[in-house]
Amino acid sequence: MIAVYKSQHSENLYKVIDGRLGDAEFQKIMLDERNIDWIPKIEKAIGEKSTFIAVGGGHLGGENGVINLLRKQGYKVGAIKL
């Protein structure tokens, strides 16, 4: 997972996690629903001041990943070099 993270391909991170959290319902609760709930909170935080947001790698990719959800809201999202 670390090598995939360093490659900055968020979709591949989701593929690494996909199916490893148990059944589809558990994964939906642990990733998708949490990500969807975070978006308004993230928008509020970044609207108030300069903000750095960190989440676990499994939350980045996928249709309901944080990156895709923020992009759907019109935000530009990119990786930073560490």
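The values are calculated or read from the model by the stated rules, or taken from the named source; none is laboratory data. Nothing here was measured: the structure is a model prediction, and the numbers come from that model. Cβ coordinates were reconstructed from backbone atoms using ideal geometry, including for glycine residues, and neighbour counts include every protein chain displayed.
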Within the stretch 48-82, take every residue that is modelled with pLDDT of 90 or more and among the polar types (S, T, N, Q) and give me the one that is nearest to residue 37 (Cα to Cα).
64
Quick one: would you say residue 39 is under 16 Å from residue 67 (Cβ atoms) and at pLDDT 90 or above?
yes
Expected output for the stretch 40-69 (first residue surrounded by fewer than 20 Cβ atoms within 10 Å (Cβ to Cβ), partner of a type in the set (D, E, K, R), Cβ below 7 Å, 6+ apart or cross-chain) is 64/32
